[in-house]
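Visitor: This structure is in structure tokens; I'll ask about it shortly.
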Amino acid sequence: MMDDDEMGARVYLGGYSEVDKAGVPRRKHLKAGSSSEIDCRKALARVLRSPAPMDRQIREMLADLFDPDPGELAIWADRKLTISFRAKKRPRDDYANTHIAWFIWEKVKSGDRVESAILDAMGKFKISREWAFDLWGKYRRIFERIWGPLP
């Protein structure tokens, strides 16, 4: 038995049927950004996050979206998946941010004052004072939860 989330996932991935004036069923797709499209995207996310086994048709539909050369038997392959950043601004680079914050952490842990460690990070990584302090403020709490408070 199919639940509502599975149905929403199928509609989002593969469209829905609408009968035209001649009585021929035609495949239609939800309008991008519509409330129906958003609801179906959320349904797909719930299906993907569920511990339940994934429906075979949904798995095939997803595979067809990802496959750069799906072949003639891929009936859902009229569309493709394109990955892009959500924000228009430069994406955050957690790897680089963690590296810089770790540099500051290690300096402070070895006895440097925070101000001195920040200045060293500014020079080494060519970042602003504001950015260095922002990173230190965000990551210090994380590092302390993992390795305990600084001496």
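Visitor: With r as the distance between the Cβ atoms of Ala87 and Glu144 and R0 = 22 Å, compute the FRET efficiency 1/(1 + (r/R0)^6) and round to 0.05.
Guide: Efficiency computed from Cβ-Cβ geometry: 0.15.
Visitor: Where does helix 129-147 land angle-wise versus the long Cα axis of the chain, in degrees 0 to 90, nearest 10?
Guide: So the helix axis and the longest Cα principal axis differ by about 80 degrees.
Visitor: Where in region 21-35 is the amide nitrogen less than 15 Å from a point lying 7 Å along the Cα-to-Cβ axis of Gln57?
Guide: Residues passing the 15 Å test: 27-28.
Visitor: Roughly speaking, what is the stretch gain from Asp67 to Asn97, that is 0.36 nm per residue apart minus the C-alpha to C-alpha distance, in nm to one decimal?
Guide: Values: separation 30, 0.36 × 30 = 10.80 nm, distance 3.29 nm.
Gain on stretching Asp67 to Asn97: 7.5 nm.
Visitor: Let me ask something additional. Restricting to DSSP H runs of at least four residues, report the calculated mean residue ellipticity at 222 nm for the chain, -39500 (n - 2.57) per run over all residues, nearest 500 deg cm²/dmol.
Guide: Helices in the chain give a 222 nm mean residue ellipticity of -18000 deg cm²/dmol.
Visitor: What number do you get for the chain when its Cα radius of gyration is normalised by 2.2 N^0.38 Å, N = residues?
Guide: Cα-based Rg divided by the globular estimate yields 1.66.
Visitor: So for region 4-66, averaging the separation of alpha carbon pairs under 8 Å that are six or more residues apart and normalising by length, what relative contact order in percent results?
Guide: Numbers: 62 pairs, mean separation 25.8, N = 63.
For region 4-66, the relative contact order is 41 percent.
Visitor: Can you give me the angle between helix 114-125 and the longest principal axis of the chain, using Cα atoms only, in degrees from 0 to 90, rounded to the nearest 10?
Guide: Tilt relative to the chain: about 60 degrees.
Visitor: Take a quick pass over the chain and tell me how many lysine pairs come in under 24 angstrom between Cα atoms, counting only ones 8 or more apart or on separate chains.
Guide: For the chain, qualifying lysine pairs total 21.
Visitor: In degrees from 0 to 90, rounded to the nearest 10, what is the angle of the helix 56-66 Cα long axis to the longest principal axis of the chain?
Guide: It is inclined by approximately 60 degrees.
All of the numbers you see were taken from the coordinates with simple rules; none came from a lab. Just so you know, these numbers come straight off a predicted model, no measurement behind them. Every residue, glycine among them, receives a Cβ derived from its backbone with ideal geometry; neighbour counts consider all protein chains shown.
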